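Participant: Below is a structure I'd like to ask you about.
The values are calculated or read from the model by the stated rules, or taken from the named source; none is laboratory data. Remember, it's a predicted structure, so these values are computed and weren't measured experimentally. Heads up, the Cβs are rebuilt from the backbone with ideal geometry, glycines too, and the neighbour counts pull from every protein chain shown. Heads up: the accessible areas ignore ligands, DNA and RNA and are worked out on the full protein's heavy atoms, side chains in. Shrake-Rupley method; radii C 1.70, N 1.55, O 1.52, S 1.80 Å.
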Amino acid sequence: MTLKVAVQMDPIARINIRGDSTFALLLEAQARGHAISYFTPDKLSLRGNDVVASVQSLKVRDQEGDHFTLGEPARVDMRSYDVVLLRQDPPFDLAYITSTHLLERIHPATLVVNNPASVRNAPEKLFVMDFAELMPPTLISRDKDEINAFRAEHGAVVMKPLHGHGGAAVFRVLPQDINFGSLYDMFAVTFREPWVIQRFLPEVKHGDKRIILVDGEFAGAVNRVPAEDDLRSNMVRGGAAAATELSPREREICATLGPKLRERGLLFVGIDVIDGYLTEINVTSPTGIRAVARLGGPDIAAKIWDVIEAKRA
């Protein structure tokens, strides 16, 4: 089976191919003989009822510094594709939301991965609150009195922007922390949306596990251990990747989430688990599949394309 595939992503020249899950998906698609086109979200347009984009044919190579070749731009009706990979990174802002509205017009006749309506309706730090029973105590708010009441109840907390990503602007706030007032003021000026305030989990020092689910089924995992001088375990922030197995609690979390993800058309999802607590559900552009493969784990990119091809058969 040969598929006509388009990928909507951030500029390909800027990606780190060693850790980029999108690049792994593109390598696998190319190895299977699929024809790949590339475009950035600013090239997507709605003209009357037609969703069009200025795209370029794409060839990829697993070679740092020389990892892609692009063809000449061409205007294409997006309904002509079998599959569109929606793989741009946050910020999950109005530009991102608008692109989901446009791509929703071609889905499911053209399979968009992940389902753009579900991506729009499942921002990662809000969608996870549907499963509060699996989470540490968590507050979504920018109200200072509400935050202080939460801190009084739970002690040390982590505070981060609701639509942040990659570990940016994540802070631990201690009880009676003299920096809290300044931190609150900085967040109030910088972030217009509410923030996430979550009970601090000390066991994060042993790792924040990234678990990948493909069409609702467990596909692989990597444990991300923070550097000694950092709270954050994200690999882009210096976290070290280590091989791991799932605990019974983590398997329970996957079994609870799986059917809900499948119902929403969220085919490729990364969840974060610390000390048996679910903290995030990543649906926009999850990472981790290259790290899993490097550590001897399963080929998740192949599993994803197996599912996509089955849905297009």
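Participant: Looking only at helices (runs of 4 or more DSSP H) that fall completely inside segment 116-184, which ones have 2 or more residues that are closer than 17 Å to Leu278 by Cα and in contact (Cβ under 8 Å) with a residue 12 or more places away in the chain?
Facilitator: Working: elements: 116-121, 124-127, 144-154.
Answer list for segment 116-184: 124-127.
Participant: Looking only at residues that are outside any loop (DSSP other than H, G, I, E, B) and either out of contact with any Asp or Glu (no Cβ under 9 Å at 6 or more places or on another chain) or modelled with pLDDT under 95 (or both) in segment 291-307, which one is most open to solvent (accessible area, probe 1.4 Å)? Step through it out loud before you land on a result.
Facilitator: From segment 291-307, those outside any loop (DSSP other than H, G, I, E, B) are 291-294, 300-307; that's our starting set.
Going one step further and asking which of them are either out of contact with any Asp or Glu (no Cβ under 9 Å at 6 or more places or on another chain) or modelled with pLDDT under 95 (or both), we end up with 291, 294, 300, 306.
Details: Ala291: 5, Arg294: 124, Ile300: 2, Asp306: 85 Å².
Residue satisfying both the conditions and the ranking: Arg294.
Participant: Separate question: Can you tell me which residues in segment 193-203 are within 13 Å of Ile140 (Cα to Cα) and either of a type outside the set (A, V, I, L, M) or in contact with a Lys or Arg (Cβ under 7 Å, 6 or more places away or on another chain) (or both)?
Facilitator: Initial filter on segment 193-203 (within 13 Å of Ile140 (Cα to Cα)): 193-199.
Of everything in segment 193-203, those that are within 13 Å of Ile140 (Cα to Cα) and either of a type outside the set (A, V, I, L, M) or in contact with a Lys or Arg (Cβ under 7 Å, 6 or more places away or on another chain) (or both) turn out to be Glu193, Pro194, Trp195, Val196, Gln198, Arg199.
Participant: Determine which member of the set Leu266, Leu261 is within 25 Å of Pro91 (Cβ to Cβ), touching a helix residue (DSSP H, G or I) at 6+ places or on another chain (Cβ under 8 Å) and not hydroxyl-bearing (Ser, Thr, Tyr). Show your work before the answer.
Facilitator: Details: Leu261 fails: touching a helix residue (DSSP H, G or I) at 6+ places or on another chain (Cβ under 8 Å).
Within the list Leu266, Leu261, the selection yields Leu266.
Participant: Return the residues of segment 85-112 that are touching a His at 6+ places or on another chain (Cβ under 8 Å) and among the hydrophobic types (A, V, I, L, M, F, W, C); say none if nothing qualifies.
Facilitator: Initial filter on segment 85-112 (touching a His at 6+ places or on another chain (Cβ under 8 Å)): 89-93.
Phe92, the sole residue that qualifies.
Participant: Based on this model, can you work out whether Val173 counts as open to solvent by less than 10 Å² (accessible area, probe 1.4 Å), within 18 Å of Lys125 (Cβ to Cβ), at pLDDT 95 or above and not acidic (Asp, Glu)?
Facilitator: Yes: the conditions hold for Val173.
Participant: Please tell me if Val112 is in a strand (DSSP E or B), closer than 20 Å to Val214 by Cβ and open to solvent by less than 50 Å² (accessible area, probe 1.4 Å). Give the derivation first.
Facilitator: Values: in a strand (DSSP E or B): yes; closer than 20 Å to Val214 by Cβ: yes; open to solvent by less than 50 Å² (accessible area, probe 1.4 Å): yes.
Answer is yes for this residue.
Participant: State which residue is least open to solvent (accessible area, probe 1.4 Å) when the search covers only segment 196-229 and only residues that are of a type in the set (Asp, Glu) and within 16 Å of the chain's Cα centre (by Cα). Show your work before the answer.
Facilitator: Applying the first criterion (of a type in the set (Asp, Glu)) to segment 196-229 yields 203, 208, 215, 217, 228-229.
Those left that are additionally within 16 Å of the chain's Cα centre (by Cα): 208, 215.
Numbers: Asp208: 18, Asp215: 37 Å².
Only one residue tops the list, namely Asp208.
Participant: Ok, one more. Taking Ser99 as meeting all but one of (1) of a type in the set (Gly, Ala, Ser); (2) touching a helix residue (DSSP H, G or I) at 6+ places or on another chain (Cβ under 7 Å); (3) open to solvent by 10 Å² or more (accessible area, probe 1.4 Å), write down the number of the exception.
Facilitator: Ser99 satisfies every listed condition except (3).
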